[in-house]
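**Student:** Take this structure first; my questions come after.
Bear in mind these aren't lab numbers, they're just calculated from the coordinates by the rules spelled out. From a predicted model like this one, the values you see are computed outputs, not experimental measurements. Positions of Cβ are backbone-derived with ideal geometry, glycine not excepted, and every protein chain shown enters the neighbour counts.
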Amino acid sequence: MSKVEGTGDREVKGVIFDLDNTLVNFVEAKLKACEEVVEYLEKGDAEELFLHFINGRHDIEDPENIKDYLEKNGGYDEDVFERCSKIYRSAKVENIELYPGVKEVLDELRERGLKIGLVTDAGRSDGMDRLEKVGLLDSFDTIVTFGESGRKKPDPRPFLHCLEKMGLDPEEVVLVGDSLDRDVVPGKELGMLTVHAKYGDKNYDEEREVEADHSISEVDELMDVLG
């Protein structure tokens, strides 16, 4: 267990992590997946396809975004769409990589006797595929995906479900995530100590009202926060 200074010296018994853009560089993997789709099509623009996932009509992971991209560029065909979707899903996992220092931090947390949880909006299958690719399947005491909670962040229920499975109260847990809106806000509302993984937040330099208790520029700075 760790005592964190500056917050009433609360005793920390566990850490909950977000997955995408906190432990793994998901944006880069998505970009590379879009590049492989465009390479297959032999025309188009990977950045434009990527923006369809970020700003499109559908969920950020919905392959229907590819369909919209194809229709907009006059290249929609059912077989082409199915092939592009398979390429995208496969390339996304193949290109997933850990941020430097993640494995070492998780190992040190384990050595300190802290419980480690994971809360992700990814579906069960997608989440497990990503964790297997980067060798983290056995790194967590508790994993909560969208499949378990049925809710996506910033809904507090995925976090509450994780806390319950870990057997810990919010005040005993540090939450680490790249999103101020989807991680930090619900974390603070529940009473967890929040750490903003700003290295994975592509909008971290924008002015926003919410502030985490701590911000880190690299994963291993978490150990400084824990003391």
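**Student:** Where does each of GLU35, GLU111, GLU218 land when they are ranked from fewest to most other beta-carbon atoms within 10 angstrom?
**Tutor:** Fewest to most other Cβ atoms nearby, the residues stand as GLU111, GLU218, GLU35.
**Student:** Between the helical axis of 46-55 and the dominant principal axis of the chain, each derived from Cα atoms, what acute angle in degrees is found, rounded to the nearest 10?
**Tutor:** Compared with the principal axis, the helix lies near 60 degrees.
**Student:** In which sequence would PHE159, PHE50 go, from the one with the fewest C-beta neighbours within 10 Å to the one with the most?
**Tutor:** Lowest count first: PHE50, PHE159.
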